[in-house]
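Let me begin by presenting the structure, written as structure tokens, before commenting on it.
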2 protein chains.
Amino acid sequence: MDSVNDLTLQCPIPIQQYPQVMLAHGGGGKLMHQLIERMIGPAFHNSLLDVRHDGAVFDMPHNRLAFTTDSYVVNPLFFPGGDIGSLAVNGTVNDLAMCGARPLYLSAGFILEEGLPMETLWRIVQSMRRAADESGVLLVTGDTKVVDKGKGDGIFINTAGVGAVEHSLSIAPASVLPGDAILLSGDLGRHGITIMATRENLSFESEIESDCAPLAAMALGLINAGIDVHCLRDLTRGGLASALVEISEAANYLINIFENSIPVREDVRGACEILGFDPLYLANEGRFIAFVPEAQADDALALLTAHLNGTGACRIGTVTDDRQPLVTLKSRIGATRIVDMFSGEQLPRIC
Amino acid sequence: MDSVNDLTLQCPIPIQQYPQVMLAHGGGGKLMHQLIERMIGPAFHNSLLDVRHDGAVFDMPHNRLAFTTDSYVVNPLFFPGGDIGSLAVNGTVNDLAMCGARPLYLSAGFILEEGLPMETLWRIVQSMRRAADESGVLLVTGDTKVVDKGKGDGIFINTAGVGAVEHSLSIAPASVLPGDAILLSGDLGRHGITIMATRENLSFESEIESDCAPLAAMALGLINAGIDVHCLRDLTRGGLASALVEISEAANYLINIFENSIPVREDVRGACEILGFDPLYLANEGRFIAFVPEAQADDALALLTAHLNGTGACRIGTVTDDRQPLVTLKSRIGATRIVDMFSGEQLPRIC
């Protein structure tokens with residue numbers, strides 16, 4: 001794989017000739033060929049992608065694998081702490097990690113809107129490559145479509161991912177057991193607040209940056225250390241609350257969490273108060289929860305906090321033996337309330 | 001897997017309450033949950049999807065696999081012979097088949113525009129399920145995003161696919177050899193003309209239907225019969241001409257084709273003349289070319305013509321030993337011309 005430094009060069013498509021993406025860049029003819037051969041192919045260059053076939057063929061280390069996908073439609077495309085490119089790579093890497101898989105290969109499907117500045121596409125492609133390098137994944141197959149002006153919104157990216165499952169754990173909501181400790185990898189809400197603030201041109205005293213980050217090293221760290229991980233879930237759309245509700249519904253156990261154990265930065269809390277958001281529902285792109293046996297909770301927490309992206313990891317609750325699909329939160333003042341999924345739309349297009 | 005007949009029921013989301021897709025259907029809260037639990041989950045119901053995790057975990061029959069992706073932005077969404085749903089399944093199934101793989105698992109990423117009629121989504125989901133059943137593939141993981149009205153175009157679908165490679169052939173442009181016969185699986189241009197006619201509300205004497213069809217059975221039929229397949233390529237965007245140019249460039253051999261051996265239906269040819277299209281460049285969604293050794297060409301052709309989607313299969317040309325990346329066409333009147341990729345945009349958003 002080439003050095004990332006190669007990508008700090010200028011846009012490989014001549015900007016004066018093609019300042020913007022045109023419909024023909026998705027038409028299957030010369031311009032599409034040029035876009036792939038000059039920009040996308042070299043940016044992600046590897047022996048599988050270089051075959052330029054309809055797909056990539058490769059050997060997996062084992063027969064067991066994980067497969068996932070997400071589309072990314074975030075608005076704005078660039079925000080403090082990331083952009084749609086890093087989000088599209090980290091998001092799918094994280095979904096593989098939440099399956100307990102080692103992320104290996106990604107696909108990328110670009111839906112470009114006619115008129116997208118070519119430089120914008122180039123910045124995003126470079127960001128994707130850097131994120132892929134950081135997680136050690138290869139982008140091996142892809143597709144580019146262009147839709148007419150006014151029928152898209154600059155760029156949408158789909159990534160799918162394939163990862164190797166190198167253990168025999170069944171990491172899934174149904175594996176959650178009574179007594180499991182629930183660990184959270186760090187503070188909540190920065191991604192959601194960052195997107196909102198950037199979109200609405202709000203400024204806070206301190207700049208809040210998205211938590212967008214790859215989580216595979218942390219998740220695999222738990223597994224490789226012998227922690228009997230029951231479930232993992234990253235806290236994207238719908239935030240911590242929705243993740244817990246979904247898991248409690250699938251597992252059919254009541255989950256208890258404690259509000260004063262859930263870390264939210266002061267500036268994020270302040271922004272939430274001004275904007276009327278609840279941090280429990282805010283999207284994160286670099287946070288996850290892990291369900292582990294009580295006896296291994298301290299060890300697991302120590303493993304998480306040793307990671308750069310997990311320094312704020314903490315224990316936030318427990319799975320009870322009460323067989324109902326319910327999440328309860330004990331508030332700061334000692335009251336207990338039910339945590340539900342939100343109705344309606346809190347914050348559209350945050351990922 | 002449930003019977004397809006289950007899907008001819010009415011839309012499982014109450015239309016009176018939710019006649020259209022709303023932003024909240026992609027927001028991670030209750031409405032998104034309802035859309036997945038009532039419509040998408042049951043429509044594609046299988047044990048892997050039912051886990052409702054961030055991805056699917058499964059065992060492959062072998063370590064060697066193929067991985068591919070495509071996004072689908074076709075306009076209009078419904079057309080004679082297919083719709084965006086069947087296209088999204090068949091297109092990715094076909095890309096796997098062109099890698100010589102047996103298609104097994106698909107992902108689906110939906111990008112919905114706020115305001116899309118719920119019934120439209122339901123029709124498309126049903127069509128995807130029928131197409132998946134026809135090819136024996138399971139949709140095992142997915143994602144739904146909603147963008148604000150005016151920032152999309154009804155629905156875009158990305159599918160990625162994983163298939164099993166159960167042979168040791170290297171099926172790729174670089175495997176093409178001098179003397180290879182080039183087989184075409186049937187007549188050209190129906191998909192492109194169908195999309196154009198539907199979009200522009202043109203009518204021809206006979207209704208032209210898209211050739212949209214799954215190709216895996218035909219491709220695997222060749223391989224399983226022991227044909228030493230060198231390269232396979234489906235003829236989507238850019239048509240036969242672009243596929244041949246790409247392969248000749250990658251293989252670095254001059255390819256000769258014969259115009260009078262290339263089947264184009266009379267109604268398609270007439271439409272092309274009226275509209276100013278060249279059938280060589282028109283998109284197909286159920287046609288492919290196979291590069292096979294001369295000695296096996298007749299056997300391979302017999303295998304193709306035995307299939308419903310290959311009754312019109314024929315031999316259209318040969319790979320020469322001339323080491324240049326060039327495609328030449330011998331015309332009906334005996335003249336030879338160079339076939340190039342087209343510049344500009346012939347027909348946007350045909351897939």
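The values are calculated or read from the model by the stated rules, or taken from the named source; none is laboratory data. Here the structure is a predicted model, which means the values were calculated and not measured. Ideal geometry is used to build each Cβ from the backbone, glycine not excepted, and the neighbour counts take in all protein chains shown. Each accessible area value is taken on the protein alone, full model and side chains, heavy atoms only, with ligands, DNA and RNA left out. Shrake-Rupley method; radii C 1.70, N 1.55, O 1.52, S 1.80 Å.
Taking GluC sites (Glu not before Pro) across segment B:181-219, the ones in a DSSP loop with at most 12 further Cβ atoms lying within 10 angstrom of their Cβ are B:Glu205, B:Glu207. Look at the alpha carbon pairs under 8 Å that are at least 6 residues apart: their mean separation over the length of chain A gives a relative contact order of 21 percent. Label point of B:Asn224 (7 Å along Cα→beta-carbon): distances to the other copies' equivalent points are 4.1 nm, sorted ascending.
Relative to the other identical copies, B:Thr311 shows label-point distances of 7.0 nm, where the label point lies 7 Å from Cα along the Cβ direction and values run shortest first. May I ask which of A:Lys145/B:Lys330; A:Lys149/B:Lys30; B:Lys30/B:Lys149 have a Cα-Cα span longer than 23 Å here? The answer is A:Lys145/B:Lys330; A:Lys149/B:Lys30.
Residues in segment A:14-33 near a label at B:Leu275, defined as backbone nitrogen under 20 Å from the 7 Å Cα→Cβ point? Zone members listed by number: A:23-30.
If you find the alpha carbon centre of segment B:281-351 and of segment A:293-343, how far apart are they in angstrom? First find each Cα centre; the distance between them is then 60 Å. Between segment A:115-170 and segment B:131-197, the alpha-carbon centres lie 19 Å apart. In terms of its C-alpha gyration tensor, segment A:272-349 has an oblate overall shape, because the principal axis ratio a/c (a ≥ b ≥ c, square roots of the eigenvalues) is not below 1.5 and a/b does not outweigh b/c.
You can think of it this way: the chain between B:Gln10 and B:Phe78 has 22.6 nm of extra reach, that is 0.36 nm per residue less the Cα-Cα gap. Mean separation of Cα pairs under 8 Å and 6 or more residues apart, divided by the residue count, gives segment A:57-165 a relative contact order of 46 percent. For segment A:211-247 versus segment B:205-234, the inter-centroid distance based on Cα atoms is 42 Å.
Under a Gaussian network description of chain A, with springs only between Cα atoms under 10 Å, the residue in A:Ala24, A:Ala108, A:Ala335 that fluctuates furthest is A:Ala335. Per residue of chain B, the DSSP helices (runs of n ≥ 4 H) give a summed -39500 (n - 2.57) that works out to -8000 deg cm²/dmol at 222 nm. When only DSSP loop residues count, what GluC sites (Glu not before Pro) in segment A:273-351 have their Cβ near at most 16 other Cβ atoms within 10 Å? Here no GluC sites (Glu not before Pro) fit, given the DSSP loop and packing criteria.
For peptide B:166-178, the mean count of partner chain Cβ atoms within 10 Å of a residue's Cβ comes to 1. The value of relative contact order for segment A:230-326, using C-alpha pairs under 8 Å at least six residues apart, is 51 percent.
Taking 0.36 nm per residue of sequence separation and removing the Cα-Cα distance, the B:Glu209/B:Asp299 pair yields an extension gain of 29.5 nm. Put simply, the amide H of A:Asp54, placed in the peptide plane, has no neighbours under 5 Å, leaving out anything fewer than 5 places away on its chain. Computed 3J(HN,Hα) for segment A:319-333, one whole-Hz value per residue from the Karplus formula 6.51 cos²θ - 1.76 cosθ + 1.60 where θ = phi - 60°, is 8, 8, 9, 7, 7, 9, x, 8, 10, 10, 10, 8, 7, 3, 8, glycine and proline marked x. When the P(r) of segment B:57-165 is calculated, the portion above 18 Å amounts to 47% of the C-alpha pairs.
Between amide H atoms placed 1.01 Å from N, distances below 5 Å from B:Val264 occur with B:Leu188, all of them 5 or more places distant or on a separate chain. Applying the Karplus relation 6.51 cos²θ - 1.76 cosθ + 1.60 with θ = phi - 60° to segment B:310-317 yields 3J(HN,Hα) values of x, 4, x, 4, 7, 9, 10, x Hz, where x marks Gly and Pro.
Counted over all Cα-Cα pairs of chain A, pairs farther apart than 28 Å make up 45 percent. Taking all C-alpha pairs of the protein assembly as shown, those more than 33 Å from each other amount to 47 percent.
Once a ≥ b ≥ c are taken as the square roots of the eigenvalues of the Cα gyration tensor of segment B:240-297, is the result rounded (a/c under 1.5), prolate (a/b larger than b/c) or oblate (a/b not larger than b/c)? Judged from the Cα gyration tensor, segment B:240-297 comes out prolate (a/c at least 1.5, a/b above b/c). The B and A chains share an interface that buries close to 6200 Å² of accessible area, total over both sides, probe 1.4 Å.
Within chain B, the longest segment free of exposed loop sites, counting trypsin sites (Lys or Arg not before Pro) that fall outside DSSP classes H, G, I, E and B and have at most 14 other Cβ atoms within 10 Å, spans B:150-322. Rg and Dmax of segment B:101-213, both derived from C-alpha coordinates alone, stand at 18.6, 55 Å.
The amide H of B:Met60, built 1.01 Å from its N in the peptide plane, has A:Arg64, A:Leu65 as neighbours under 5 Å, considering only residues 5 or more places off or on other chains. Evaluated on segment A:173-338, the Kirkwood hydrodynamic radius is 16.0 Å, with distances taken between all distinct Cα atoms. For segment A:40-47, 3J(HN,Hα) computed residue by residue from phi via the Karplus equation (6.51, -1.76, 1.60; θ = phi - 60°) reads 6, x, x, 4, 9, 2, 7, 5 Hz, glycine and proline entered as x. Each copy carries a label point for A:Leu202 at 7 Å from Cα along the beta-carbon vector; from one copy to the others these points are 5.2 nm apart, nearest first.
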